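Presented below is the structure to which this report refers.
The values are calculated or read from the model by the stated rules, or taken from the named source; none is laboratory data. Just so you know, these numbers come straight off a predicted model, no measurement behind them. Please note: Cβ atoms are built from the backbone with ideal geometry, for glycine as well, and neighbour counts cover all protein chains shown. In case anyone asks, the SASA skips ligands and DNA or RNA and just uses the protein heavy atoms, side chains included. Shrake-Rupley method; radii C 1.70, N 1.55, O 1.52, S 1.80 Å.
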Amino acid sequence: MTNAKSAIKLLPCPLISMNGYILSDSQAIYATISHFWIHSFGFALASIEEVSHLAAMTDHNSLPNSTPDVTSADLAATSIREMILEGHFMPGDRLHQDQLAETLGVSRTPLRTALARLAQDGLIDYEPNRGYRIRRFLVTDIREAFTVRANLEGLACRLAAESGMSRSDRDRLMALVEEGDRILSNRVLDISQLPAYRRMNVEFHETIINAAGNRWIGRFVHQSHNVPLVSDRVILWDDFGVIHRSHDDHHRIAKALADGDGVRAQNLMSEHVIYAGQLLADRLEADPTAALRHAFQDRKAER
């Protein structure tokens, strides 16, 4: 099995080899993150058939052709995933299926399907005869997942800049930066404004990922969010110095993208994500309870 840290180091390389195939950027991403995920969390990102298909794909910007109808199980899985990422549940919390079914307005059968899917993704754990719990992650898991996310989002910036972002995407990034400026105009991030800042932050990152023109990047960034504290929904809101630096990064990333400077945009985004991960991991090591409380302080306000 490939060591996770050595696998991560492959990301900046445009081509790597797997079983005799020369892999393009998208395929290299897949192979690298798959090795990392299996090593760290003990489950694969996708089936072995999908891995084989990926190595033979000629259009490496396309996902395998599969557009199943959205079902109630799909909707339930999406809703529960968002609830976990936004901190409605804490690590170790038990999921009560009756309450979830009532909250989501679904029957037990699609709910069980959704929970099984989330367990396969690694967000929750199943305990025989006891049900599902929110998965606990080690701080080392969080640091390593942030490293993966930083590489992927940095690559997204480079690809978006080099392909030339559309005017609408550039304008949207600038509008989001200005929205963040307004939220922080009093030089404090009030907890009542945290949901708005979080939505701005998520859309800023998503806009860039979508502009990269490579759907594998988006897929694997979202997979990294299966370590919940690695999600871009987590904001260390209580230290304005940290928030100010983070939003200043948004300014500089948006400017580099508008200028078409892919290398600078990549470096800025990678550092932006790595810095957030280091701060969060350091806090978790120093005082896990306080770090979780600050990370998800507003979860009740958003319900």
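Counting only heavy atoms of the protein chains and using a 1.4 Å probe, residue 103 has close to 100 Å² of accessible surface.
Phi-derived couplings, Karplus 6.51 cos²θ - 1.76 cosθ + 1.60 at θ = phi - 60°, listed residue by residue for the stretch 248-256: 5, 4, 4, 4, 6, 5, 4, 5, 5 Hz, with x used for Gly and Pro.
Relative intensity of the stretch 114-222 on a log10 scale, I(q)/I(0) at q = 0.12 Å⁻¹, equals -0.62, per a Debye sum over C-alpha point scatterers of equal strength in the absence of solvent. Figure note: 216, 237 ranked by solvent-accessible area, largest first, 1.4 Å probe, ligands and nucleic acids not counted: 237, 216. For the pair residue 190 and residue 136 in one chain, pulling the backbone fully straight at 0.36 nm per residue adds 16.5 nm over the alpha carbon distance. The Kirkwood hydrodynamic radius of the stretch 239-280, based on inverse pair distances between different Cα atoms, is 10.5 Å. The largest accessible area among 179, 162, 271, 102 belongs to the first residue in 102, 162, 271, 179, and the rest follow in falling order (1.4 Å probe, all chains).
When 163, 224 are compared by accessible area of protein heavy atoms, the largest-first order is 163, 224, using a 1.4 Å probe. Amide H to amide H, with H built 1.01 Å from N, residue 95 comes under 5 Å of 132, 133, 134, counting only residues 5 or more places away or on other chains. The stretch between residue 255 and residue 99 holds 51.5 nm of extra length on full extension. This uses 0.36 nm per residue minus the Cα-Cα distance. Between residue 279 and residue 242, the distance separating the two model label sites (each 7 Å from Cα on the Cα→Cβ line) works out to 0.5 nm.
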